[in-house]
Every structure is written in structure tokens, then in C-alpha cells.
Amino acid sequence: MNVELLDHYRRELEHQLVSLESISRDHETQLESGRTTDDFIGPDRAADLETLEVDASVAESERRLAEKIRHALERIELGTYGLCEACGDEIPAARLDAKPSVSLCLPCQENHDAGT
Ligand SMILES: [Zn+2]
């Protein structure tokens, strides 16, 4: 993968991580305070935050995604970004564009999903 493209994905990943962290902070603050009032919840996220139980699982999936993004950024540094972690093949650009944090090609992802 060329440097410009790597840079493009790095910026995309960093951007995702920053917005994810700010959303997570909101959710954590909300979990701690137990507030569910509308002034705290943006209209776009209101549906996800109807109960604290839902909010806890949302926060958990955000935490997992943040880990994947950090892992992808590490792989950019290591020079292995864009290669499937299971088979070593290049992950198609269309797949990376859709989700820059993926670390498996589609067939390996399907195997992985089927095996769990
Ligand atoms: Zn693969």
C-alpha cells in the first residue's frame, strides 16, 4: 500500500477514534450519573439510550471498536496494515474504505464469524 493511501486511512482511523472517545465519555458520564434526560442525549442517539441497560452495552461495543481502531493504527506503524491477519492476503480497498478498522479479509471474516 502506498504512503498516501496509508495516510488517508490513518487520518480516517484517528478521526473515528477521536469522535468515538468523545461519545464514550458522554456515555460513561451518563452511566455514572444515571441521567437519561433529553438535554444530555443528542436526537441522533436517543434511540440507543432509552435505558441504562442498553447504554451499558452500547458503551461496551464502543470500547471494542476503539480497541480495533487502535490496533489498526498500530498495524499502520508496523507496516502490516491492509493485510489480512489470518491469511496474509491484501484486504480489498473497498472493504477498508467501508470500515478502516477491519483486520481480516472477507473470507477469513466469514470463517471467523462462523466459528464463534
Ligand atoms: Zn484472509
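Every read-out reported here was derived from the displayed coordinates using simple, explicitly stated rules and does not represent laboratory data. Just so it is clear, the structure is predicted and the values come from calculations on it, not from any experiment. So basically every Cβ, Gly included, is an ideal-geometry build from the backbone, and we count neighbours across all protein chains shown.
In this simple spin-label approximation, Ala86 and Asp7 carry label points 7 Å from Cα along the Cα→Cβ vector, and these lie 3.4 nm apart. Estimated from the Cβ-Cβ distance and a Förster radius of 41 angstrom, the FRET efficiency linking Glu14 and Glu110 is about 0.90.
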